[in-house]
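What follows is a set of notes on a single structure, which appears directly below.
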Amino acid sequence: MVTDNSSDGLNAVEAMDREYVFGTWAYQSEVSPTQIVGGDGARFIDADGNEYVDFSGQLMCSNLGHSATAVEEAIADQTRAGAYFAPGFATEARAELGKKLAEVTPGNLSKTFFSTSGTEAIEAAIKIAKFYTGKDKIVSRYRSYHGATAGSISVTGDPRRLAAEPGIPGAIKAPDPYAYGSTLDPMESLEYIDEMLMLEGDTVAAVLVEPVVGSNGILVPPAEYLPRLKEIAHDHGALLVCDEVMTGFGRTGEWFGSDLFDVTPDIMTMAKGLTGAYQPLAATIVTDEVAAYFEDNMFTHGHTYAGHPVACAAGLAAIETYQSEGLIERADEVGSYLGDRIASLAVDHPSVGDVRGTGLFHGIELTRRADERVPFGTREDKLSKGSTVVDEVAARALEHGTYVANMINTLIVAPPLTITREEIDEAIAAIDVALEAADAAMEA
């Protein structure tokens, strides 16, 4: 159990943080940070000594947990050897990581631009697609999150984009493969996209999707969805861009979400699990064909920290850890156990409307009515003050020693790939108790 720390204010660090640092995606009057002082494996600890199972891998990024020794040592070694050199210079860490990514990504993805975050990886993908095709429009989906900078927030579908609109021109939204909460069947939504591209004429540079939608609900499409989407994009002269920022590096039980569907996108973005969140690093990798275009056409993009050697050293060590410890295969195996345990919650709690997922990437969607799809949390709530029943469920789970993130109406389960069955059982027990709040709030 966790010590009650909710009543009489913040400790000195929390108060200082509250005063001098912006809380993200929040009304600042509602920000109340909790100081974290350490972590080990699939657990982390707050300043009061409370220990939590990290059932969401922080922001779905701590794939290696909180004690990846090889990554820590690689960071220290590279810092001593040379903490930073300008992107115009080559470093062994950057070169080796580029080669390694060409080996572990699907098909003929081969050449990488390195940046520092998922949103920057998307910005690069948007630019590359436009440069390569000579076209201006990007089709993405409504239930998506691609980042917070000008381009990436414009192609994002979830409500966080609204405050930044109108955004960049040419960002067009399409329906999602959302079997539980849409009037369109997932494959029908594909034909809708096909018609959209036809009506847009020869103006669309790329179709941008998460192979498995992440923070907007953990939406796993049918097996034939992504292959058909690639065909549709290519039929209309557009590229397929897969945002693997959240689905990469074992999260889905494969190296990448695209691997679930045996699809090689034209451009792939990644971050988060690339270093297991030990360093801020992202990558945008392209196929041989796209890379060849820039041999005699200028690659007009760059960052001061593109290919930062310390971050690249962390990325290389992280990938070697996934390989040496068999963590990709383990995610598939342990993920089956996790899926079974989550499915049992749906049986025991009428407020669980749907469960879905793959590997160590699952969503628990709640409902107000057992016989209807009436959510507790709506898209509008994401921009409103106050909390929802879904927020309360997550808060109660935290009180019982398990951190689980939530977005709109779904609890997002994405623990470190190192999590044990015993830790899964512990976290499921906490969520089991927490869901009683949702059951009690249901409408007759």
In the list E443, E426, which residue meets the criterion of being over 18 Å from V355 (Cβ atoms), touching a residue at least 60 places away in the same chain (Cβ under 8 Å), of a type in the set (D, E) and assigned to a helix (DSSP H, G or I)?
E426
What residue, of Y145, Y180, is over 20 Å from the mean Cα position of the chain (by Cα), closer than 21 Å to L411 by Cα and assigned to a loop (DSSP other than H, G, I, E, B)?
Y180
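Let's see how each residue does on (1) in contact (Cβ under 8 Å) with a residue 40 or more places away in the chain; (2) over 14 Å from D243 (Cα atoms); (3) touching a Ser or Thr at 6+ places or on another chain (Cβ under 8 Å):
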{"position": "K99", "(1), (2), (3)": "no, yes, no"}
{"position": "E103", "(1), (2), (3)": "no, yes, no"}
{"position": "S110", "(1), (2), (3)": "yes, yes, yes"}
{"position": "I122", "(1), (2), (3)": "yes, no, yes"}
{"position": "I126", "(1), (2), (3)": "yes, no, yes"}
{"position": "F131", "(1), (2), (3)": "yes, yes, yes"}
{"position": "D136", "(1), (2), (3)": "yes, yes, yes"}
{"position": "S144", "(1), (2), (3)": "yes, no, yes"}
{"position": "T149", "(1), (2), (3)": "no, yes, yes"}
Looking at segment 257-270, is at least one residue in contact (Cβ under 8 Å) with a residue 40 or more places away in the chain, open to solvent by less than 10 Å² (accessible area, probe 1.4 Å) and within 17 Å of D332 (Cα to Cα)?
yes
The condition from (1) farther than 30 Å from A314 by Cα; (2) touching a residue at least 24 places away in the same chain (Cβ under 8 Å); (3) in contact with a Pro (Cβ under 9 Å, 6 or more places away or on another chain); (4) open to solvent by less than 50 Å² (accessible area, probe 1.4 Å) that F114 misses is numbered (1)
Which residues, counting only those in segment 367-385, are of a type in the set (A, V, I, L, M) and open to solvent by 50 Å² or more (accessible area, probe 1.4 Å)?
A370, L383
Are there any pairs with C-beta distances below 8 angstrom linking a residue in segment 164-178 that is under 22 Å from L219 (Cα atoms) to a residue that is assigned to a loop (DSSP other than H, G, I, E, B) and of a type in the set (F, W, Y), with the two at least 6 apart or on different chains, and if so which?
K173/Y142; A174/Y142; P175/Y142; D176/Y142
Residues of segment 144-177 classified as of a type in the set (K, R), at pLDDT below 95 and touching a Gly at 6+ places or on another chain (Cβ under 9 Å), total:
1
Kindly evaluate Y192 against the criterion of being touching a Lys or Arg at 6+ places or on another chain (Cβ under 8 Å), more than 19 Å from D332 (Cα to Cα) and open to solvent by 20 Å² or more (accessible area, probe 1.4 Å).
no
Mind checking which residues of segment 378-408 are free of Cβ contacts under 8 Å to residues at least 60 places away in the same chain, touching a helix residue (DSSP H, G or I) at 6+ places or on another chain (Cβ under 6 Å) and not hydrophobic (A, V, I, L, M, F, W, C)?
T388, E392, R396, N406
Take the residues in segment 338-366 that are under 27 Å from L260 (Cβ atoms) and more than 23 Å from the chain's Cα centre (by Cα), then tell me which one is surrounded by the fewest Cβ atoms within 10 Å (Cβ to Cβ).
V347
Can you spot a residue in segment 138-160 that is acidic (D, E) and open to solvent by 40 Å² or more (accessible area, probe 1.4 Å)?
no
If you check D202 against the conditions, is it crowded, with 23+ Cβ neighbours inside 10 Å and touching a residue at least 40 places away in the same chain (Cβ under 8 Å)?
no
What is the number of the single condition among (1) β-branched (V, I, T); (2) closer than 22 Å to V413 by Cα; (3) open to solvent by 10 Å² or more (accessible area, probe 1.4 Å) that T275 does not meet?
(3)
When segment 64-85 is checked residue by residue, the ones that are under 15 Å from T275 (Cβ atoms), among the small types (G, A, S) and loosely packed, with under 13 Cβ neighbours inside 10 Å are A76
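The values are calculated or read from the model by the stated rules, or taken from the named source; none is laboratory data. It should be emphasised that the depicted structure is a prediction, and the values quoted were computed from it without experimental measurement. Note that each Cβ is placed from the backbone with ideal geometry, even for glycine, and that neighbours are counted across all protein chains shown. For accessibility, only protein heavy atoms count, side chains too; no ligands or nucleic acids. Shrake-Rupley method; radii C 1.70, N 1.55, O 1.52, S 1.80 Å.
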